[in-house]
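The structure under discussion appears below in the form of structure tokens.
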Amino acid sequence: MDIVLPPDVGCRAGFIPALNAVLAQDAGPSTDWRRTGLSATFPLAGMSSLCVSMMMLLLVAPAGPTATNAGAPAETTRPAASSDRAERTARAAEFFEGGRYVEAALEFEALRRDYPDEPSILFNAAASRDAAGHFAHAVAYVREYLGRTDIGPDDRKQGEEQLAEAARKVTPVTVTVTLPLEGPQTVTVVARHVSSSPADLRPELSFPLPNPRQSLKLELDPGAWSVRVEGSSYQSAEQQVAVGSAPLAISLRPVLAPVVRPEPPQARMVPPEVVKGTARGLYIGGGAMAAVGLGLIGGGVGMIHGQRVKACDDPTLADCRRRFASAFVVRNVGSTLLGAGAGLAASALVWRANDARQRMIAWSALAAVGGVGLILGEVMVVRGSIPFSRDNTNPEGTLAGWSEHWREHRHSALPALGATLRGLGVGLLAGAVTGLIVQRKHLGPGGARAIRVDPSAGPGHTGIVLSGRF
């Protein structure tokens, strides 16, 4: 059945009641025209664009369930997605019928995002914006609608008529964009309506700029608008315009955004006062230890060359042997302390480096050298003392042979050298471990790369093990 309404039917107040009245004459008073399979013909002459928009909106609204399946459960008659779309479309149509055009437009725009393949939703959004007086959005939506390839000839004709009606109510605004040659040549022009009413909700309109060498023509409603250019690698360039009835031309010149290079993470540092205090402590401790060592060396050498040892008058040699051995012990202890003091002072020099990693590497090397020196020095002390111990405890020794015994062992350089090397190893190892521990305490595990110093012993060997990342 075809229904023809006269052009003088009022749109907001009389369109829907008049249409239902005509349908009631033939299909019964309770029949809703959107739930029938009837078609309607509406003469466009003399009707406003709002009325045309309303008719377009209602014609593309999805039909409700027919009488044959009205009592069937919804899940048995359509998929859940279709049911959701139908309910939301019906709600948007109710907003429109109630004159709540902005709410209808927002609902249709949400549907458009969820169902981009449905052209009728896009047209309904355009019709709602047109009815709300948002002609720039209506024109943009209808142009997008006409650019689709999935609409029929009748729908295309209706879209062209809608576009022709809405295009008369917008003002052309020509936007010229100048881009730096060294930057990307792809940007987007965004138009945002500036409204003084919180109820006037309009989404931004985006227009890709296909060719930056050509101007872009926008079609905007009279009123306040903000036009900006945005794109990758650019700082947004924005201009406020007051659109009236006369065409406008604006120029925007975006600039490249400064390249923000991430700053390298600041290396954590040991507080300067800790560096100075630790280094000073090692210097003072090493110097004091070396001074004591020199004193003991002098005392031991004096005992060795003293008359009570050199010119022994004890027939049993017991007192001379004891004094001779004690002198070497004092001298060797002094040599060890001298070497230890030198090792501490050497490890303190590492604190002069400003880089924590360089200090860590230096201390690791010193710890390794110190461990080797400790072991080698101990071996030299033990091996070098064997001849003296053997001769100094010889039961066949006599007072007549004491002078020869003293001259042969009075220097005993190898034990002294071994004791010095042993002390140096102890000092280097102690100073390096102290530095690693202090630095690790202030920088955390990463500051010293989790260096560990552990003793190592086994069949035929004794030493230390350094573990961690170097």
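Here is the figure for segment 353-362: residues that are in a helix (DSSP H, G or I) and open to solvent by 50 Å² or more (accessible area, probe 1.4 Å) total 3. Considering the conditions (1) in contact with a helix residue (DSSP H, G or I) (Cβ under 8 Å, 6 or more places away or on another chain); (2) outside any strand (DSSP E or B), A191 is excluded by exactly one of them, (2). Of all the listed residues (S197, S226, S206, S215), the sole one being under 23 Å from E107 (Cα atoms) and modelled with pLDDT of 90 or more is S206.
Looking at E230, E219, E238, just one residue is farther than 24 Å from A126 by Cβ, of a type in the set (D, E) and in contact (Cβ under 8 Å) with a residue 40 or more places away in the chain, and that residue is E230. Being closer than 30 Å to T278 by Cα and hydroxyl-bearing (S, T, Y) is not true of T398. The set of residues in segment 369-393 being surrounded by fewer than 18 Cβ atoms within 10 Å (Cβ to Cβ) and of a type in the set (A, V, I, L, M, F, W, C) consists of V369, V372, I375, L376, V379, V382, I386. Picking from residues in segment 394-416 that are assigned to a loop (DSSP other than H, G, I, E, B) and touching a helix residue (DSSP H, G or I) at 6+ places or on another chain (Cβ under 6 Å), the one that is most open to solvent (accessible area, probe 1.4 Å) is R410.
Of the residues V350, V259, V270, which is touching a His at 6+ places or on another chain (Cβ under 8 Å) and either in a loop (DSSP other than H, G, I, E, B) or open to solvent by less than 40 Å² (accessible area, probe 1.4 Å) (or both)?
Values: V350 fails: touching a His at 6+ places or on another chain (Cβ under 8 Å); V259 fails: touching a His at 6+ places or on another chain (Cβ under 8 Å).
So the residue among V350, V259, V270 that is touching a His at 6+ places or on another chain (Cβ under 8 Å) and either in a loop (DSSP other than H, G, I, E, B) or open to solvent by less than 40 Å² (accessible area, probe 1.4 Å) (or both) is V270.
Does R321 fit the bill of being in contact (Cβ under 8 Å) with a residue 24 or more places away in the chain, among the basic types (K, R) and not in a helix (DSSP H, G or I)? Steps first, answer last, please.
Numbers: in contact (Cβ under 8 Å) with a residue 24 or more places away in the chain: yes; among the basic types (K, R): yes; not in a helix (DSSP H, G or I): no.
For R321, the condition - in contact (Cβ under 8 Å) with a residue 24 or more places away in the chain, among the basic types (K, R) and not in a helix (DSSP H, G or I) - is not met.
In segment 106-126, the residues that are of a type in the set (D, E, K, R) reach residues that are not in a loop (DSSP other than H, G, I, E, B) with C-beta atoms within less than 6 angstrom, at least six apart or across chains, in these pairs: E107/A92; E109/A125; R112/I121; R112/L122; R112/A125. Within segment 136-146, take every residue that is in contact (Cβ under 8 Å) with a residue 24 or more places away in the chain and either more than 12 Å from F123 (Cβ to Cβ) or among the aliphatic types (A, V, I, L, M) (or both) and give me the one that is surrounded by the fewest Cβ atoms within 10 Å (Cβ to Cβ). Top of the filtered list is A140. Of all residues in segment 283-297, those that are over 17 Å from L429 (Cα atoms) have Cβ atoms under 8 Å from Cβ atoms of residues that are of a type in the set (K, R), 6 or more apart or on another chain, in L296/R331; I297/R331. Which one is farthest from the chain's Cα centre (by Cα), of the residues in segment 101-135 that are among the basic types (K, R) and open to solvent by 30 Å² or more (accessible area, probe 1.4 Å)? Step by step, filter segment 101-135, then rank; the result is R112. Surrounded by fewer than 16 Cβ atoms within 10 Å (Cβ to Cβ) and over 21 Å from D314 (Cβ atoms): is that true of A365 in this structure? Yes, satisfied. Among the residues making up segment 241-258, those that are within 33 Å of the chain's Cα centre (by Cα) and free of Cβ contacts under 8 Å to residues at least 60 places away in the same chain are A257, P258.
Scanning segment 300-329 for residues that are among the aliphatic types (A, V, I, L, M) and either under 15 Å from R422 (Cα atoms) or open to solvent by 50 Å² or more (accessible area, probe 1.4 Å) (or both) returns V301, M303, A311, A318, V329.
Listed here are the residues, each with its yes/no results for (1) open to solvent by 70 Å² or more (accessible area, probe 1.4 Å); (2) farther than 22 Å from P119 by Cβ; (3) touching a Phe, Trp or Tyr at 6+ places or on another chain (Cβ under 8 Å); (4) at pLDDT below 95.
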{"site": "R148", "(1), (2), (3), (4)": "no, no, no, yes"}
{"site": "I151", "(1), (2), (3), (4)": "no, no, yes, yes"}
{"site": "K157", "(1), (2), (3), (4)": "yes, no, no, yes"}
{"site": "V177", "(1), (2), (3), (4)": "no, yes, no, yes"}
{"site": "P180", "(1), (2), (3), (4)": "no, yes, no, yes"}
{"site": "P184", "(1), (2), (3), (4)": "no, yes, yes, yes"}
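Mind counting the residues in segment 215-245 that are over 24 Å from Q185 (Cα atoms) and either open to solvent by less than 60 Å² (accessible area, probe 1.4 Å) or part of a strand (DSSP E or B) (or both)?
Step one: filter segment 215-245 for residues over 24 Å from Q185 (Cα atoms), giving 220-225, 241-245.
After this cut, where a residue has to be either open to solvent by less than 60 Å² (accessible area, probe 1.4 Å) or part of a strand (DSSP E or B) (or both) as well, the list is 220-221, 223-225, 241-244.
Qualifying residue count, segment 215-245: 9.
In segment 170-192, the residues that are within 14 Å of R213 (Cα to Cα) and in contact (Cβ under 8 Å) with a residue 24 or more places away in the chain reach residues that are acidic (D, E) and surrounded by 13 or more Cβ atoms within 10 Å (Cβ to Cβ) with C-beta atoms within less than 6 angstrom, at least six apart or across chains, in these pairs: T188/E230.
Being open to solvent by 20 Å² or more (accessible area, probe 1.4 Å), part of a helix (DSSP H, G or I) and touching a residue at least 40 places away in the same chain (Cβ under 8 Å): is that true of E161 here?
Numbers: open to solvent by 20 Å² or more (accessible area, probe 1.4 Å): yes; part of a helix (DSSP H, G or I): yes; touching a residue at least 40 places away in the same chain (Cβ under 8 Å): yes.
Yes, satisfied.
The values are calculated or read from the model by the stated rules, or taken from the named source; none is laboratory data. A quick note: this is a predicted structure, and the numbers were derived from the prediction, not measured. Virtual Cβ from ideal backbone geometry, glycine too; neighbours counted across all protein chains shown. Note: areas computed on protein heavy atoms with side chains; ligands, DNA, RNA excluded. Shrake-Rupley method; radii C 1.70, N 1.55, O 1.52, S 1.80 Å.
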